[in-house]
């Protein structure tokens, strides 16, 4: 795997995940109480013995850069690195990244300096565990110029994806973007060709791209220069390359979730609490998910009732009820609180006891969730200050709302409390 260079696409402005991306890059958004989205593809690379990793981004990259620098330190005798490449304006490229292909094109001069055989191109906002070595071996065995990792899907979901057709050798011969009706039927394939068993192949007769690609070094450089106005891999570069390049499909038949929207992000986090087996597990000794070591104290619970929840390190919970929720590091919840079906991202630092007490006397809201407050079906971003007797319920069942001046948004019926927001005592949302 030393002949492979990994390129992780950090995405654009992250508008679908806004307001979680208001002050941070999309790959830096917190996940599962202690991780960041970027930890997923980076950990998959490291577990696949791929240690040369670039992350391309252009929006709010400071916290992402800080996280990667602190989390992934390689020894002095190793060639490994995880490095952020931010968009920059040059005489040859005066514009910011215009899409996935354009982002890679703008740094192609750097990538081509590496003595490697393939480029592994990944997305920074997917949740899955994958051994890329199997993917790369398939690419090499078939002599492909490009290999796409694909997932098998059933008919009821198929029209929401860009679909592909393959021949008997697994070569991709046709593409269709979110087809319906007869056009959808035309995209059915025999997925046993890619290794799916006959029963599953009947239930899932379509294949969709995961946005994970392997290019040979020669093919990537040639295609990006030939189609110099194309900005997207999935919609432009790869379909145009199908006529004269060997493009193969690699089947990934396991859990994979695109968590690029607020609703998908919320659902993926809460799905981690399911029993007896969550859809995705962080308890995998052979392929762990890495992140920054913070050396926090254990979590402390005093007379609490907690069911089907995940609680990060360094939390303090007092006489409260928590159900089907994820609590991030340094979360603080006072007595009488109810946290239901919610994601609390926690805090970046502790507020000292004396500062909390003096702040209360001066009418300031302490960090965390105040006494007798209820948080239901919500995402509470870091360092938020929720006062006492607050009700975050979306009581009017609003689907979409922008209340930034009041410290929150509503997306797909989910209340999102902004980072560093202050919600006064007695507020009802």
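No value in this document is a laboratory result; all are computed from the given coordinates. Being a predicted model, the structure only gives us computed values, none of them experimental. Counting neighbours? That spans all protein chains shown, and the Cβs are built from the backbone with ideal geometry, glycine included.
What to note about this one:
- Every helix of 4 or more DSSP H residues in the chain counts as -39500 (n - 2.57), and over all residues that averages to -5000 deg cm²/dmol at 222 nm.
- With bins 5 Å wide beginning at 0, the percent of Cα pairs of the stretch 77-228 falling in each bin runs 2, 7, 15, 17, 19, 15, 11, 8, 4, 1, 0, 0.
- Distance between the modelled labels on residue 283 and residue 305, one decimal in nanometres: 2.4 nm (7 Å Cα→Cβ projection).
- Between 0 and 90°, nearest 10: helix 62-71 axis offset from the chain longest Cα axis: 80 degrees
- Residue exposure sequence - 304, 337 - by fewest surrounding Cβ within 10 Å: 304, 337
- With neighbours defined as other Cβ atoms within 10 Å of a residue's Cβ, the residues 323, 160 order from fewest to most as 160, 323.
- When all alpha carbon pairs of the stretch 104-171 are counted in 10 Å bins from zero, the resulting P(r) reads 13, 38, 37, 10, 1 %.
- Spherically averaged projected area of the stretch 247-316 from its Cα convex hull (nm²): 7.9 nm²
- Fraction of antiparallel bridges per DSSP, the stretch 369-429 only, in percent to nearest 5: 45 percent
- Global form of the stretch 300-423, assessed from the alpha-carbon gyration tensor, a/c cut-off 1.5: oblate
- DSSP bridge pairs, the stretch 324-418: antiparallel proportion in percent, nearest 5: 35 percent
- Gap separating the Cα centres of the stretch 4-33 and the stretch 130-174, nearest whole Å: 25 Å
- Calculated FRET value between residue 275 and residue 389, using beta carbons and R₀ = 30 Å, to 0.05: 0.40
- Full extension of the chain between residue 197 and residue 69 yields a length gain of 41.8 nm, computed as 0.36 nm times the residue separation minus the alpha carbon distance.
- The stretch 283-300 and the stretch 251-265 have their alpha-carbon centroids 22 Å apart.
- Here each label is just a point 7 Å from Cα along the line to Cβ, and for residue 115 and residue 173 those points are 4.1 nm apart.
- By the count of other C-beta atoms within 10 Å, a proxy for reagent exposure, 333, 237 are ordered fewest to most as 237, 333.
- The length gained by stretching the chain between residue 218 and residue 60 to full extension, at 0.36 nm per residue less their Cα-Cα distance, is 53.6 nm.
- Rounded to the nearest 0.05, the FRET efficiency derived from the C-beta distance between residue 400 and residue 23 at R0 = 22 Å is 0.55.
- Percent of beta bridges antiparallel (DSSP, the chain, rounded to nearest 5): 40 percent
- The chain: most fluctuating residue of 76, 28, 230 per GNM, C-alpha cutoff 10 Å: 76
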